[in-house]
Every structure is written in C-alpha cells, then in structure tokens.
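The values are calculated or read from the model by the stated rules, or taken from the named source; none is laboratory data. Because the structure is a prediction, the values reported are computed rather than measured. When we count neighbours, we look across all protein chains shown, and the Cβ atoms used for this are built from the backbone with ideal geometry, even at glycine.
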Amino acid sequence: MSPVRRLSPFWIVLGVIAAGYLGFWFAMLAATATYTSPREVMEVLLSREIRYATLLSLVTCTASALLSAAIAVPVGYLMSRRRFPGHSFVDAALDIPIVLPPMVVGICLLIFFQTRAGGLIEQVIPLTYTVGGVIIAQFVIAAAFAIRTMRNVFDHLSPRPEQVALTLGATPSQAFRHVTLPAARSGIFAAASVAWARSLGEFGPILVFAGATRMKTEVLPTSVWLAWSVGELEQGVAVSLLMIAISMIVLVAVKLTGERV
Amino acid sequence: MIRLENLSWTPPGKNRAPILDRVSFEVPSAAYAVLMGRTGSGKTTLLEILCGLRSPGSGTVRIDGREVTDLPPGERGIGYVPQDGALFPTLTVREQIAFGLRMRGVAADEIATRVLEAAEGVGVSALLDRLPTGLSGGERQRVALARALVVKPSVLLLDEPLASVDEETQDGLIDLLQRTQREHRITVLHVTHSRREAEGLGELHLRLEGGRVLSRTGLT
C-alpha cells in the first residue's frame, strides 16, 4: 500500500470515537424499537388520547415553527447585516432561551402572564393552560434556534447583490424582498424545520405553562411523561418511537435543503 | 465627472489607522480612469463610498457637479459592477437587467425593449432566460455590465471586473469596456490591482497607496 493510501492512526482513533458515539445511539434506538411489539405500538398510537396528542403536536409545532420563522427572518437579517451599539449584547441575549433550562422558561412564562401586561394579553387571547399556551411555550425556545439558523444563512449570503440592488434604485426593503429573501428560501425552510423539530420535543415549559391535561393540552412529549408516571412503559415507548420517526423525517428534510444548522 | 475632496475613512474601533486619508482627485466627464493599488489599499472602500454604500468619515463626493455625499445609492446616477458581478442568484439574466428599470417604475414594454438593447450591446442576448448558475465568469461580467448600463448612469464604477476571468476573456472584456465607454460617453472609474489591466485601459491612471492618491498620470 502506498504511503498516501495508508490510514494514519490519528484518523483511525477519531473514526473509532465517532463510531462509538453513533453506535451507542443506534443501540439505544434499537433497544427502544424492540422493547414492544409492532401490534402493541399500533394499538397505542391508534388510541383516542394519542391520536389527539399527535394531532395537537402537529398543529402546535406547525404554528410555532411559522411564528419562529416570521421572527427569525427579520431578526437574523438584522443581526447578520448591521453592527450597532450593543450588538454583542443583543446577540448573546438572543441565545438565552437556548441555554436556559426549559422548566425555567415555563416558570418565566407563567409569572409574566400574571403581571399587568401579561393579563392584558390574556384578556385578548387566553394562553395559560390552553392550546395557545402550548404554542407560546414551544415558540419562545424554538424561535431562538430559528434565529440562529437564519443568521447563519444570511452570514453565508454575500451582501454584494443587495448593494448592487441599492445602486439600481431599490430601497433596502426592496433589495431584501427581491434579492435576499428569494436566495434564502431553503434557509428559511431549514430554520422552520429546526423550530418544528425543537417544538416537537419541547416538554418543560409546556408542562409548567400549559399543563398536561388529557385531550386538552396533551402533546406527544406530555403523553410519554404521563404514561411513564403511571408505569405504562409500552405506551411511553410507542409514543417515543413515533417521535423518533417524525424527528428523522424532519432531519432528512433539513439535510435535503443543503443548509448547515 | 467625478470629484472627491479630502475623503477620509477610518474603520470603527480604537487606534485604527485610516484606510483613506484625505483623498482628492477628479475624473473629467466621459473619461476612462483606472485606479490602481495593492490589495488592502482602500480601493474597494473608496468605490463603496462613491456608490453610497459606506459613509465617509469626512470629505465630499461630487458627481457631475452635484454633491452626492449624503444621497442614497440609487439617487447618485451611478452604475456599479463588483468583482464577481454579484448577480442576483434567483433571477434570470432578463430579470437581472430589467431590475433597475423595474425599481424605477419604467413601463413593461419599455423595459422589454431596453433589456434587449442592453443585452445585445454586451453580447448576452442568447442568455436572457438563463439563471446565473452555470454562466461563465466572462458572461457574468457582461450581464453585470448590461444591468448597470441599462439605467443610463452618468458614471460607471468597476471594481476589479476582470479579476475572476482568464486572460482570453479579459481581452474580450477590455474591448467591450472601451467600446461601451465610447458609445455611451460615460465617465468610468475602473479599480484594479493588475498593471496589465491598467495598461490596456484608461486615459487617466491614479495610484492609491497608504490611503492617499500618490500619482496621477494622463489627461493632463
């Protein structure tokens, strides 16, 4: 074998570490998948409560993903293109929901909606312990991930075409709308998908702010927790498998856009 | 005519040296000027200030006698061709060339006519329905040139327009730039770091170094 083709021990060690980590993950997934029979899984998934939780998860995740994308596009663009006093502080502040324990986010939400400002919002749209609350609890965390993704997308798009558009008579908003936004389409889809996937797995803030009421605010992670808390392991595993399958689909969809998130 | 008076620009931050230090020069109307300078000498910064994409720390910019220092880019009467053309990634060549006319509210039938004329002028008529992906470096620069010229600017600003094309394509583009400048009677400021490019072009040669214009030759 030529020296060029010989694999250095360094790369072999790195490969072993990567394989070990992935192997551990696949072993966990395989153990979960084989814990119960397909018939039992189908029975659980077709039950009235789980069908409701699945539908509620799909609806709330879609709503929070759309809300997150609507916030992430302008905020990500602002943070990518402009430098202003306090830029670093704002940049760090936008990441707070990413590093904060999810349960704390739920407590913050609950307390805010007991203040005068929160009360005024509640008079228009009741949120605490409602489906709307599920969406808000998912949104506050998912939006931070979507903003980070969109900023990354805009950082990788050259500002030159926008600048040329300005010299051709476009206003900054026209340059954004006609030049940058169409170029960022796949990035927007990736950001929304990341927000969607993040919302699907959200549990802590939903439990605190929206509650875990069956056939009302029960989403899939709540179903897993409810099943686990009463010792119905098969039901928890069946819902977990459904969530794994949905997450895989979203992951593949994001990868197909070619965006790095 | 382009006239810069005591133009200075220093990057933000403490103890930073000025990129442009009281730069003054004039390019007469309908002249082809080449601004040379090494990489990092401030050529692109100067062009961005001329375009209105960057505000100078001090000094004034005049185009055809009108002070444009504080005007937005679209109101300066300039055409701008950056290094790689900076084509709009999702628009066809036809839409790229039509962009400036659309932004100015020109009627659709007039846009169609002027786009065809501009495309023929730079030899890209056959590419009108193509997207930028797949165009060669030379084709991209021709499209960028048509897009800048179609709005009939009085000044054309070229930022290293030949840097990303091979020598054969460079020769074709040099001919095109010279012909375009003559036909349109337009004032051109062409920025380059290439001596070969500068020698093949321009009646007026300016050299930028250390943030200042060190030499000016031609059109005396």
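Points worth noting:
- Residues being within 22 Å of A:Ser199 (Cβ to Cβ) and surrounded by fewer than 12 Cβ atoms within 10 Å (Cβ to Cβ) - total across the range A:75-95: 1
- In the range B:170-184 there is at least one residue that is surrounded by fewer than 20 Cβ atoms within 10 Å (Cβ to Cβ) and more than 22 Å from B:Ser154 (Cα to Cα).
- The range B:107-127, residues that are surrounded by fewer than 18 Cβ atoms within 10 Å (Cβ to Cβ) and in a loop (DSSP other than H, G, I, E, B): B:Ala107, B:Gly123
- The residues on offer are A:Leu157, A:Leu181, A:Leu166, A:Leu127, and the sole one that is in a loop (DSSP other than H, G, I, E, B) and within 14 Å of chain B (Cβ to nearest Cβ) is A:Leu157.
- Within the range B:40-62, being within 14 Å of chain A (Cβ to nearest Cβ), within 17 Å of the chain's Cα centre (by Cα) and not acidic (Asp, Glu) holds for B:Thr44, B:Thr45, B:Leu47, B:Ile49, B:Leu50, B:Cys51, B:Gly52, B:Leu53, B:Arg54, B:Val61.
- Residue list for the range A:180-203, filter: in contact (Cβ under 8 Å) with a residue 40 or more places away in the chain and of a type outside the set (Gly, Ala, Ser): A:Thr180, A:Leu181, A:Ile188, A:Phe189, A:Val194, A:Trp196, A:Arg198, A:Leu200, A:Glu202, A:Phe203
- Some residue of the range B:102-111 being more than 14 Å from chain A (Cβ to nearest Cβ), over 27 Å from B:Gly218 (Cα atoms) and in contact (Cβ under 8 Å) with a residue 12 or more places away in the chain: no
- In the set B:Gly37, B:Gly65, B:Gly74, only one residue is in contact with a helix residue (DSSP H, G or I) (Cβ under 9 Å, 6 or more places away or on another chain), more than 10 Å from chain A (Cβ to nearest Cβ), of a type outside the set (D, E, K, R) and surrounded by fewer than 23 Cβ atoms within 10 Å (Cβ to Cβ); that residue is B:Gly37.
- Among residues that are modelled with pLDDT of 95 or more, assigned by TED's automatic domain parsing to the domain that holds A:Gln138, loosely packed, with under 14 Cβ neighbours inside 10 Å and basic (Lys, Arg), A:Arg51 is included.
- Screening A:Val41 against (1) over 29 Å from A:Trp225 (Cα atoms); (2) more than 25 Å from the chain's Cα centre (by Cα); (3) of a type in the set (Val, Ile, Thr) leaves a single unmet condition, (1).
- Of the candidates A:Glu234, A:Glu218, the single residue that is outside any helix (DSSP H, G or I) and either more than 14 Å from every other protein chain (Cβ to nearest Cβ) or acidic (Asp, Glu) (or both) is A:Glu218.
- Contacts under 7 angstrom Cβ, first residue in the range A:7-34 being farther than 24 Å from A:Gln235 by Cα, partner modelled with pLDDT of 95 or more, 6 or more apart: none
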